[in-house]
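Have a look at the structure below, then the notes.
Just so it is clear, none of the values below were taken in a lab; they were calculated from the coordinates. All values derive from a computational prediction rather than experimental measurement. In this analysis, Cβ positions are derived from the backbone assuming ideal geometry, glycine residues included, and neighbour counts consider all displayed protein chains.
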Amino acid sequence: MTINAIEALGLSKVYDLGAGRGLGAYIANMTGRRTRTNDDQVKALDDVSFSIAPGEAVGIIGSNGAGKSTLLKILSRVTAPSAGRGLIRGRVGSILEVGTGFHPELTGRENVFLNGAILGLRHHEVQQRLDSIVAFAGLARFLDTPVKRYSSGMYVRLAFAVAAHLDPDIMIVDEVLAVGDIGFQKQCIQRMDDETKSQGRTILFVSHNLDAIRALCSRALLFERGRLTMDGPTSSVIASYLSAQNTRIDLRAAALPNRQNRTAGRARFTEMAMTNTDGEEKWSFPAGDTIALRFTYEVLQDIPSVGILLSLISPSDGAVVSTVKERLTPNPVSRGKQGECTILLHSEGLRAGSFAISALLGDDDLAIIDDIIDSNVSMPFLEIETEERDMHRRRGYFDLNYRISGTIQ
């Protein structure tokens with residue numbers, strides 16, 4: 001009988017909300033003037049159970065706030081569950097929030113030995129692995145610098161190198177890898193894949209990069225509002241996740257301060273929707289389908305013209321697959337006007353997989369950018385389906401067949 005590497009048995013985690021934590025609330029509680037209710041709490045995890053066999057690579061997907069990171073913190077013993085148990089059998093290497101497990105006043109070298117000691121390795125065992133760790137992280141020049149002076153990317157490089165080279169039985173990796181550059185992310189995915197296949201490492205991997213989940217994991221868990229809603233083959237779980245996504249995004253309030261700091265702000269996107277030619281809202285399209293991307297925008301200041309630049313980006317390596325650049329209005333547009341444009345993309349030539357959508361709004365030659373839809377505002381994904389993955393995957397730029405139309409009033 002196989003003994004599981006990881007087991008979650010009815011895991012729940014309840015957090016108190018900010019309400020009721022201030023001085024006034026404390027006094028009210030002490031004097032009996034305020035009674036705490038369930039509205040003051042949120043269930044980050046709600047009765048979650050699953051098991052993972054040794055040597056399995058399992059991906060965890062779900063929207064922000066679904067409970068993914070909370071689960072990893074419980075399994076890594078960073079926080080305790082409110083109910084249930086999380087069982088880990090073997091030595092664990094975890095990469096969670098940036099800086100977790102490092103002492104900021106210690107150097108990179110000292111933190112490597114500290115982490116080794118925590119994992120139960122002797123000094124000479126860590127020393128034997130030190131050169132490999134430093135080479136993988138690419139931080140030889142900064143090894144004797146206190147890690148408080150590291151950038152977030154440097155933190156992640158060292159953290160992953162330590163976790164991967166100190167012979168853990170289980171690797172638990174959060175979305176923190178997204179902090180690293182594209183080349184390092186690919187290096188980490190390849191390393192985890194090699195560790196699973198050659199060393200029988202168990203991998204639990206949280207990511208919004210669906211291509212990375214596909215490449216590494218044969219099984220995936222889908223979380224929604226703290227509950228485990230699906231457990232099965234990666235392709236099926238990803239398809240279910242995408243089909244449930246809201247394909248109409250209200251962008252008026254999304255990360256607005258950040259947008260204002262990065263752009264001119266004379267106009268802004270207000271909504272984005274993705275449909276097929278029948279008007280059915282969806283993220284996932286069979287190869288060969290026509291995809292309709294509809295954007296609405298509003299003009300906040302007089303602007304000499306309006307243009308749009310749409311890019312499709314491969315999340316796995318950051319490559320721009322294709323772009324569409326068009327003038328929407330040839331003439332000046334006055335403040336208060338509302339506009340709409342629809343871009344019909346013909347998906348032949350697009351490989352199977354997911355693509356991040358980026359859009360810029362500005363004047364007709366886009367010399368001045370007024371608004372941006374990207375990972376700092378929203379991260380819409382376009383998913384192309386095929387029965388079998390194309391072995392000759394397209395990379396880089398190629399021309400898309402498209403048509404664009406628009407109105408302003």
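For region 299-368, which GluC sites (Glu not before Pro) pass both filters: DSSP loop (anything but H, G, I, E, B) and at most 14 other C-beta atoms within 10 Å?
Working: sites: 326, 340, 348; in loops: 348.
Those that pass, being in a loop and sparsely packed, are 348.
If the chain between residue 148 and residue 41 were fully stretched, how many nm would it gain, using 0.36 nm times the residue separation less the Cα-Cα distance? If you can, show how the numbers build up before the last one.
Details: separation 107, 0.36 × 107 = 38.52 nm, distance 3.38 nm.
Here the answer is 35.1 nm.
Would you mind checking the radius of gyration and Dmax of region 62-178 based on alpha-carbon positions, in Å?
That works out to 14.5, 46 Å for Rg and Dmax.
What are the residues whose amide H is under 5 Å from the amide H of residue 53, where those residues sit 5 or more places off or on another chain and H is modelled from the backbone?
Amide H neighbours of residue 53, under 5 Å, 5+ apart: 5.
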